[in-house]
1. Which value at 222 nm does the chain reach when only helices count, each DSSP H run of 4 or more adding -39,500 (n - 2.57), with the total divided by all residues and rounded to the nearest 500 deg cm²/dmol?
2. Using R₀ = 41 Å, calculate the FRET efficiency as 1/(1 + (r/R₀)^6) where r is the Cβ-Cβ separation of residue 179 and residue 33; round to 0.05.
3. Read through the labelled values [x] 113; [y] 178; [z] 121 and report the label of the one computed as volume of the Cα convex hull per residue in Å³ from the structure.
4. Pulled fully out, how much extra length does the chain show between residue 133 and residue 110, if you take 0.36 nm times their separation in residues and subtract their Cα-Cα distance?
């Protein structure tokens, strides 16, 4: 191959910096404009100024633009459970993990809100989200078992943590309040003891 045979446009496209971020941004724009089902990989690549081959270097399919971060989020939360102080109760360890996730998502607020709106409009994506949350709960339970928490406490605590995470996120996403995600997570965990408290039967006055 001679110098004249090299397609410099292809070379520049291949080595364009932040290709993953550009593909992600292009996909989110198109999902919002046209809908997830109507958007193709070819259109995402074209919007990003890249090739389909480049897209598939970073994402297995167009759904993974929305779910590729789930593994990193799960690793973060599992690490937070494992790294919680030894005296921490199971629910305190999980609360630390959920708060860590809240900080991360809060830093990517615009993407998180866009992603939630896209998933909410598509039953297939909703099902995939539930599968990811189930996987997260299983991973958190395993991390608790690694701390010596037995069953069913480990699984129950993990499920509670995921439920708090999901509820707080939905409250944050709906825009009905001005609190940030981590504060909503803390508030939700603070409400848990009251759910098991017996109502007072005495009359004071």
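Every number in this text was worked out from the coordinates using simple rules, so none of it is lab data. Owing to the predicted nature of the structure, the values given are computational and were not obtained by experimental measurement. Neighbour counts are summed over all protein chains in view; Cβ atoms, including those assigned to glycine, are modelled from backbone coordinates with ideal geometry.
1. Here the helix-only value at 222 nm equals -22500 deg cm²/dmol.
2. Efficiency, from the Cβ-Cβ distance: 0.85.
3. Checked against the structure: label [y].
4. 6.2 nm
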